[in-house]
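Following: one structure in structure tokens, then a few remarks.
The values are calculated or read from the model by the stated rules, or taken from the named source; none is laboratory data. Remember, predicted model here, so these are calculated numbers, not experimental data. Don't worry about glycine lacking a Cβ; one is built from the backbone with ideal geometry, like all the others, and counts go over all protein chains shown.
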Amino acid sequence: MEKLKKFISQFVTLAPAEFEEVSKIFSPINLKHGEYLVKEGKVGRQLAFIQSDYMRKYINASEGEETIHLSPPGEFIIPFYSFFSQQPSHENLQAVTDCELLVIPYQSVENLYSHHPKLERLGRLIMQHHILLKEERLISFVRQTTEERYNSLMEKHADYFQFIPLQYIASYLGMTPETLSRIRAKKK
């Protein structure tokens, strides 16, 4: 729960009793490498905080799987559309490594929001955080070359290259695995 507490404290300050109430609602689950938190076509009924290891969010496209987000430990992962609309997901949330997660069901999130304005604010700020990450990634596809996107990812998340398969990283960066290999070879 310490990682969760640290993450929350970036956005709001909770009194010990408030954090205690929140932490009781989360349940620990473990996913093995390759297992899914949510699959396309299923409703995302919970959001997850990644205690350890890595997950990815991808969509099935005509050319194959397209990784749209990589999530490290200490971050929430959520199928936004599905979770908030309670409609089937267009995304797949998959463990890239064996993962330890803390999950909270949709109804519990809604109950927390309705009884605790500070927690509703926390939810909004976490959403803003994720929107900014998506916006930053979108802008990088317009303004940066593939090599610049690679350099930026290395700067922010060099750990990804130790734990996440290169084909997922290449997909996330909008390039083929071969292009990623050429860029990496050039950097050595």
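Checked against the criterion of being farther than 14 Å from ILE8 by Cβ and either part of a helix (DSSP H, G or I) or at pLDDT 95 or above (or both), the candidates ARG137, ARG124 yield just one match: ARG137. Could you tell me whether SER27 is in the same structural domain as GLN107 (by TED's automatic domain parsing), under 24 Å from LEU122 (Cα atoms), surrounded by 14 or more Cβ atoms within 10 Å (Cβ to Cβ) and not hydrophobic (A, V, I, L, M, F, W, C)? Spelling it out, it is not the case that SER27 is in the same structural domain as GLN107 (by TED's automatic domain parsing), under 24 Å from LEU122 (Cα atoms), surrounded by 14 or more Cβ atoms within 10 Å (Cβ to Cβ) and not hydrophobic (A, V, I, L, M, F, W, C).
Criterion applied to TYR168, TYR160 was being touching a Ser or Thr at 6+ places or on another chain (Cβ under 9 Å), among the aromatic types (Phe, Trp, Tyr) and at pLDDT 95 or above, and the one residue passing it is TYR168.
How many residues does region 25-74 hold that are in a strand (DSSP E or B) and either of a type in the set (Val, Ile, Thr) or more than 19 Å from LEU133 (Cα to Cα) (or both)? Summing the residues that are in a strand (DSSP E or B) and either of a type in the set (Val, Ile, Thr) or more than 19 Å from LEU133 (Cα to Cα) (or both) in region 25-74 gives 20. When GLU110 is tested against (1) part of a helix (DSSP H, G or I); (2) modelled with pLDDT of 95 or more; (3) surrounded by fewer than 19 Cβ atoms within 10 Å (Cβ to Cβ), exactly one condition is not met: (2).
Within region 138-153, the residues that satisfy the criterion of being surrounded by 15 or more Cβ atoms within 10 Å (Cβ to Cβ) and either touching a residue at least 12 places away in the same chain (Cβ under 8 Å) or in contact with a strand residue (DSSP E or B) (Cβ under 8 Å, 6 or more places away or on another chain) (or both) are SER140, THR146, GLU147, ARG149, TYR150, SER152, LEU153.
HIS129 meets each of the listed conditions (1) out of contact with any strand residue (DSSP E or B) (no Cβ under 8 Å at 6 or more places or on another chain); (2) in contact (Cβ under 8 Å) with a residue 12 or more places away in the chain; (3) loosely packed, with under 14 Cβ neighbours inside 10 Å; (4) in the same structural domain as GLU75 (by TED's automatic domain parsing) apart from (3).
The condition of being assigned to a helix (DSSP H, G or I), in the same structural domain as GLN94 (by TED's automatic domain parsing) and under 16 Å from the mean Cα position of the chain (by Cα) holds for only one of PHE19, PHE7, that being PHE7. Could you list all residues from region 148-178 that are of a type in the set (Asp, Glu) and under 20 Å from PRO73 (Cβ atoms)? Selection gives GLU155, ASP159. All conditions but one from (1) among the basic types (Lys, Arg); (2) within 26 Å of HIS115 (Cβ to Cβ); (3) touching a residue at least 12 places away in the same chain (Cβ under 8 Å) apply to LYS42; the one that does not is (2). The residues on offer are PHE19, PHE11, and the sole one that is in contact (Cβ under 8 Å) with a residue 40 or more places away in the chain and either touching a helix residue (DSSP H, G or I) at 6+ places or on another chain (Cβ under 9 Å) or farther than 26 Å from THR176 by Cα (or both) is PHE11.
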